[in-house]
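Shown next, in structure tokens, is the structure this report addresses.
Computed from the coordinates by the stated procedures, all read-outs in this text should not be read as laboratory data. Since the model is a prediction, treat every value here as computed from it, not as a measurement. Heads up, the Cβs are rebuilt from the backbone with ideal geometry, glycines too, and the neighbour counts pull from every protein chain shown.
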Amino acid sequence: MANCTYSVPDLNASGDSLYGPRICDQAFIDWAWPTHGFNGSYWGDGWGFDDCCNNTKPLSRAFSGLWLLNYSADDYNNEDWNSDILHWGRRYVREQLHAINDLRAMCGDGSANATTFNAGCAHYRDTSHNACDDWQANCCDWIPCSWICGLITWICRAWVWITSSVCDLFVPGRVELYLPFFYTRDVVGRAATYVHESRHIGGKPHDANFPRGSAFGAGKSGADSSWDYQGAWMYDALYLWWFYAAGTRTTPALQQSAKQRGNMLIDNAFATHPGFTIT
Ligand SMILES: [Zn+2]
């Protein structure tokens, strides 16, 4: 933090005056920290580890994004995949960030909110865990003996743990959050960034260059080819859209901000324009 320079924008406009007191809750912090793989080596020294209720510091602002992500659906305990991203977004982020298990705060160069590196082992871990779970769910259809199913599932999980740990030794993955994440994005923008990076962990890199006229820099890499690619920009914009349309426990101003940011992404982050806007 010593090398970073930043200023703290208006706390009401960013939503931090509303969400800051909400995350100042030991039970929430004790849950959110390990669940999302915060790496303690990167959150001290001015980043807020010793001052996590201070909503001008990065850690409080990171937690606020997670609070919004987790509690903005009216019935937030419903995280069914058949529901919408306002409901399952929190589960997706939780699973992906837990799989990569290394969330860092850094200065960055000001050009990006966040970057995901080497998501391969996390992607392997997540998909293999799901395969073990699927096996367990189907097992007793084939073998009328549940303890054998339990044993094989345990072996499956142990195998995934060992192989993914070895994978981590050679290509450790991580997610880095930069100053614009903490101080340019408002609370809903931070939540959408978690969704965005989680989609990268989930195996979708950007696959195109930004289009002509893009605010992200025409011709530069980092765009998604289309909405149908279902990449990180699509997840990002889709989350903002749902929050605008159906978010609760928030303010109309933050919902309007989500709409604005969502349309900005729709207009600038896809090589082929999706062909619609959030209205
Ligand atoms: Zn990205």
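Here are the numbers:
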{"read-out": "Förster radius 22 Å - calculated FRET efficiency between ASN54 and ASP30 (Cβ-Cβ, nearest 0.05)", "value": "0.80"}
{"read-out": "Using θ = phi - 60° and Karplus 6.51 cos²θ - 1.76 cosθ + 1.60, couplings along region 76-92 (whole Hz; Gly, Pro as x)", "value": "5, 6, 7, 10, 4, 5, 7, 7, 9, 5, 5, 8, 8, x, 5, 5, 4"}
{"read-out": "Length added when fully stretched, TRP81-THR277, from 0.36 nm per residue minus Cα-Cα", "value": "68.1 nm"}
{"read-out": "Computed [θ] at 222 nm, helices only, for the chain once each DSSP H run of length n ≥ 4 contributes -39500 (n - 2.57)", "value": "-17500 deg cm²/dmol"}
{"read-out": "Spread of Cα-to-Cα distances over 5 Å intervals beginning at zero, given as percent, for the chain", "value": "1, 6, 11, 16, 18, 17, 13, 9, 5, 3, 1, 0, 0"}
{"read-out": "Per-pair calculated FRET efficiency, R0 = 35 Å: ASP45 and THR127 via Cβ, rounded to 0.05", "value": "0.50"}
{"read-out": "Centre separation in Å (Cα based) which lies between region 182-235 and region 92-160", "value": "23 Å"}
{"read-out": "Compactness relative to 2.2 N^0.38 Å, alpha carbon Rg of region 134-241", "value": "1.54"}
{"read-out": "Mean shadow area of region 54-106 over all directions, Cα convex hull, nm²", "value": "4.3 nm²"}
{"read-out": "Rough spin-label spacing in nm, given labels placed 7 Å along Cα→Cβ, for SER165 and SER17", "value": "4.9 nm"}
{"read-out": "For region 122-170, projected area of the alpha-carbon convex hull averaged over all directions, nm²", "value": "3.0 nm²"}
{"read-out": "Two-decimal Rg/Rh across region 1-68, once Rg and the Kirkwood Rh are taken from alpha-carbon atoms", "value": "0.95"}
{"read-out": "Karplus-derived 3J(HN,Hα), 6.51/-1.76/1.60, for each residue of region 267-279, Hz, glycine and proline x", "value": "7, 10, 9, 10, 4, 10, 4, x, x, 8, 9, 7, 10"}
